[in-house]
């Protein structure tokens, strides 16, 4: 009988350069943990997507305004709001790292089920996801993320376009399909059934500073 000491467990190596990633491959959250480089990547159905360059001042200003409005509303309430970088892991049947093939970092997300929040971020669909568009990432936000947010049951998907000063929302219906809202802009207010009584003024969100 062979001695067990003759066998060595070979672990996948840590990857320290994004150039060493095979973008044509399929990946899981377990792979995600082996990446030790500064660039931020997301995984959508096993495929890697580059995130946009670091957000500019307008993006950050809009994000801060929306975050502060939601945060202040949620004081004393069970829901929580989180801002990127914050990993959202979407799973089908297993929460095992090796089985999770979608890991996203939405700009903001609201989570009302505390059991979904752990030390590594969110496991399962947030109630609200907010994406603030930047140059170069519109296709990903509007198509790829739309599909997974709908598929995994995000109740509301907000899309904010700072340059065009518009707000658009998808609401998940009883059949599990997104229904679009009308396009909102300066002068309109945003309300949501997820957070009864919450009102977001787009006049404040898009105010020139």
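Share of antiparallel DSSP beta bridges in the range 81-180, in percent to the nearest 5?
Working: 20 of 27 bridges.
Around 75 percent of the beta bridges assigned by DSSP in the range 81-180 are antiparallel ones.
Over the chain, what is the relative contact order in whole percent, taking alpha-carbon pairs under 8 Å and six or more residues apart? Please list the in-between numbers first.
Working: 350 pairs, mean separation 31.3, N = 209.
Relative CO of the chain lands at 15 percent.
Taking the Cβ of each residue in 158, 35 as the centre, tally the other Cβ atoms inside 10 Å and list the residues starting with the fewest. Mind showing how you got there, number by number?
Working: 158 24, 35 18.
Lowest to highest Cβ neighbour count: 35, 158.
DSSP assigns beta bridges within the chain; of those with both partners inside it, close to 80 percent run antiparallel. Ordering 122, 79 from the fewest to the most neighbouring beta carbons within 10 Å gives 79, 122. Secondary-structure-derived ellipticity at 222 nm for the chain, considering helices only, amounts to -4500 deg cm²/dmol, per-run term -39500 (n - 2.57) for DSSP H runs with n ≥ 4.
Got a sec? How would 160, 58 order by Cβ neighbour count within 10 Å, fewest to most? Write down the numbers at each step before the final one.
Details: 160 26, 58 15.
Placing the least packed residue first, the sequence is 58, 160.
Subtracting the Cα-Cα distance of residue 150 and residue 36 from their residue separation scaled by 0.36 nm leaves 38.0 nm.
Can you give the direction-averaged projected area of the convex hull of the alpha-carbon atoms in the chain, in nm²?
Working: hull surface 60.4 nm².
Averaging across all directions leaves 15.1 nm² for the Cα convex hull.
Compared with the direct C-alpha span, the chain from residue 60 to residue 72 gains 2.5 nm at full extension, assuming 0.36 nm per residue. Counting only alpha carbon atoms, the long axis of helix 57-74 and the longest principal axis of the chain meet at about 80°. Take every Cα pair under 8 Å whose residues are at least 6 apart in sequence, average their separation, divide by the length of the range 32-134, and the relative contact order is 28 percent.
Based on alpha-carbon atoms only, what is the radius of gyration of the range 134-190 relative to the globular estimate 2.2 N^0.38 Å? Can you show the working numbers first?
Numbers: Rg = 11.9 Å, N = 57, 2.2 N^0.38 = 10.2 Å.
Dividing the Cα Rg of the range 134-190 by 2.2 N^0.38 Å gives 1.16.
Taking the Cα atoms of the range 93-156, the ratio Rg/Rh between the radius of gyration and the Kirkwood radius comes to 0.96. Compared with the rule-of-thumb size 2.2 N^0.38 Å for a compact globular protein, the range 69-187 has a Cα radius of gyration ratio of 1.06.
Values quoted throughout were computed directly from the atomic coordinates according to the rules given, and no laboratory measurement underlies them. Source: prediction; values computed, not measured. Neighbour counts are summed over all protein chains in view; Cβ atoms, including those assigned to glycine, are modelled from backbone coordinates with ideal geometry.
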